[in-house]
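A short write-up of the structure that comes next.
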Amino acid sequence: MKMWHCTTLTSPVQVFRFLLLILHILLTHEQSMVYHDYCIIGAGPAGLQMGYFLKTAARDYIIYEKSNMTGSFFQLYPRHRTLISLNKRHTGQTNKEFNLRHDWNSLLSDDESLLFRHYSKKMFPHANDFLRYVNDFQQRLNISVQFKTEIRNLSSVRNESAPDGHHFTMEDQNHQQYMCRTMVLATGIAKPVIPNVPGMEYADGYEDVSLDPEDYEGKTVLILGRGNSAFEMADSIYGSTNLIHMVGRSRVRLSWATHYVGDLRAINNNILDTYMLKSLDGILEAALGEIKIIKKNDKLWISVDEESELDEADEEVPSQLDNFALREPYDKIIRCLGFSFDDSLFTNSTAPGFGKGRSKKFPLIDFDYESKRVPGMFFAGTISHSVDHRKSAGGFIHGFRYTARALHHMMEYKYEGVTWPSMTASTTQLMNHLLRRMNEASGIYQMFSILGDVIVLRNNGREFEYFEEFPIYMLHRFPALTGKPAESIIVLNMQYGTNFSGPGNDIFRLDRATGEPSDAHNSNFLHPVLYHYDQLPTEQMMKTRRRYEILPRPKALHHVVEDFLTNWDAPISHILPLRRFLENVLGFDMRLFFSQSCLQMAMTYSTVPLSCEHHFLNGQGLTATEHFLDTMHSNAF
């Protein structure tokens, strides 16, 4: 450490040299601070997706990655190397947007070769294939990543001229200093959850437990946890063990029953058979905070007796009820309790804090993916999942690739003055545009009930402006986030039936689906729902909506009846009710007419339908054949 000593400057030369030294120190310090407008921490799939959007917009950005490669999380996880994200390569369609509905691994880009279907043919691919994919994504698109840079001491520095009133500063493991205006955290949730349970040190963690089935040959195993990692571990060893018991705080939640992709997937649930068929394996519910793990003679015991103590010298085992489910000792206990957000890179004043309840492992953020405590700090990827936890797919690639795009649109307006992308057209085209989005859009399909299309009605409903994939829980802030005014709006949202999903529901019941347009409001499977508001919902309305409501009560509501093929294009069941809803909202005829019909109505009525006004009266339009015109009039819809 350099020591400074006070000395008396006795000559002008000494003063000059001293001033030069101070100037050198100041210049050196200034040059060592590396600045970018946008700093992204983490080069996993979410960081790369944000980097792609910023690069496409030609912004000053950098991604800091602590390892020497992108997607380093997938070097270790999942431990058994099989992903649970679908790689459905064939859909019978050539529409790229539609196919993304069923491609759960690809990131968004304009490069057709960077679709994951080119990297694996397996429905549930190997993690190494995904590693190869994300590294190709970064290299081919030339996304700026600074590797081997572990960010520490992230803090904010007051700066009144900055948009958020401060800049962010940080340093790496080599004490290199960095500064940025806008911070995006894309670090994922990779910190193992280790509860404060006595004796937990005797348990092996999912992050480093042996994967060799031989190590479990003839062993009795207890697995703590009830998620996919716990069942993944059980499935890999249950052919070698005496028995496996699994303990979790809540009942098993199967993804096909809850429609939440993060719940237990069928690919991992084989052990449910051996439990229900009473072949020794077992699953039970217990609060881990009420137990303790005690070791004796290389055996591990579970005790709920707070007074019990046991060590190698004791002769007695812990006292329990004689039919206590976990009364027998175990050879191994494996901890598979999931992961949480690691906030160790922050200084205390800049830490975003954690959510509550089920969101306690995620940072505290708002529905615009910005920290509630620190303006200018945003979150992308899995760590942004708190806003849709157990509601939608925002914790997974096929979900957060769209929330990242929504975040980018909001940042573009806030920091660059670029309004949210939209298209404007005559309302005569609205129904066609809605049908196209219902039947092919991937963002609102995967991020159902979270991202929705917002249609702003303008010019007394004669025109519309269409905004895709807006965070619908931020409707009250629509102008502030998009840069566009809005009053009368229609929201297109995809949603499941209110009471359909759930771990205790019989989702295979005979009346699980409906095909009647008049019963569309009772649709259970994913289907389009349209909400009409004369005025934007207020913040108070958003906060006080009922628990089962996606959005506050609108002026008009329309459910498009569910469809077994998820193709909402049936003329009678889907299109006709939609057209009537729009006519009710807009107050005029939405049908399209041939020139003959427009001429007849123009000669006999004081007004004509909007389609005739926009086309025929402007010297445009189509002429129908006699046969087609007769058919159209007899089957008008």
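Observations on the model:
- Report note on the peptides 332-338, 492-498, 150-156: ranked by the mean count of other C-beta atoms within 10 Å, highest first, their order is 332-338, 492-498, 150-156.
- Part-to-part distance (alpha-carbon centres) for the stretch 68-135 and the stretch 470-525, which is given in Å: 28
- Each label point was placed 7 Å from the Cα along the Cα-to-Cβ direction; for ASP298 and GLN177 their separation is 5.7 nm.
- Calculated Rg and Dmax of the stretch 156-314 using C-alpha coordinates, Å: 22.1, 68
- Over all Cα atoms in the stretch 369-472, the spread is summed up by Rg and Dmax: 15.0, 45 Å.
- Debye log10 I(q)/I(0) at q = 0.16, 0.18, 0.20, 0.23 Å⁻¹ for the stretch 165-259, Cα point scatterers: -0.82, -0.93, -1.06, -1.31
- Calculated FRET value between LYS360 and LYS278, using beta carbons and R₀ = 45 Å, to 0.05: 0.80
- Here the chain carries DSSP beta bridges of which approximately 60% are antiparallel, counting only pairs with both residues inside.
- Size of the chain as Cα extents on the principal axes (Å, biggest first): 103, 93, 47
- Approximate shape of the stretch 477-572 as ellipsoid semi-axes (Cα gyration tensor, √5λ), whole Å, largest first: 28, 17, 11
- Protein heavy-atom accessible surface, 1.4 Å probe, per residue over the chain: 49 Å².
- Extent along the principal axes, Cα only, for the stretch 241-288: 33, 25, 15 Å, with the longest axis given first.
- Rg over Rh for the stretch 213-272 works out to 1.00, using Cα positions for both radii and the Kirkwood form for Rh.
- Size descriptor, Kirkwood hydrodynamic radius, that averages inverse alpha-carbon separations across the stretch 32-121, Å: 15.2
- Descending by average beta-carbon neighbour count within 10 Å, the peptides 189-200, 454-465 line up as 454-465, 189-200, the highest first.
- For the listed peptides 545-558, 375-388, 247-260, a ranking on the average number of other beta carbons within 10 Å per residue, highest first, reads 375-388, 247-260, 545-558.
- Set of the stretch 583-614 residues, backbone N closer than 18 Å to the point 7 Å along the Cα-Cβ line of THR625: 594-597
The values are calculated or read from the model by the stated rules, or taken from the named source; none is laboratory data. All values derive from a computational prediction rather than experimental measurement. Using ideal geometry, Cβ is built from the backbone for each residue, glycine included, and neighbour counts are taken over all protein chains shown. SASA here: full protein model, heavy atoms, side chains in, ligands and nucleic acids out. Shrake-Rupley method; radii C 1.70, N 1.55, O 1.52, S 1.80 Å.
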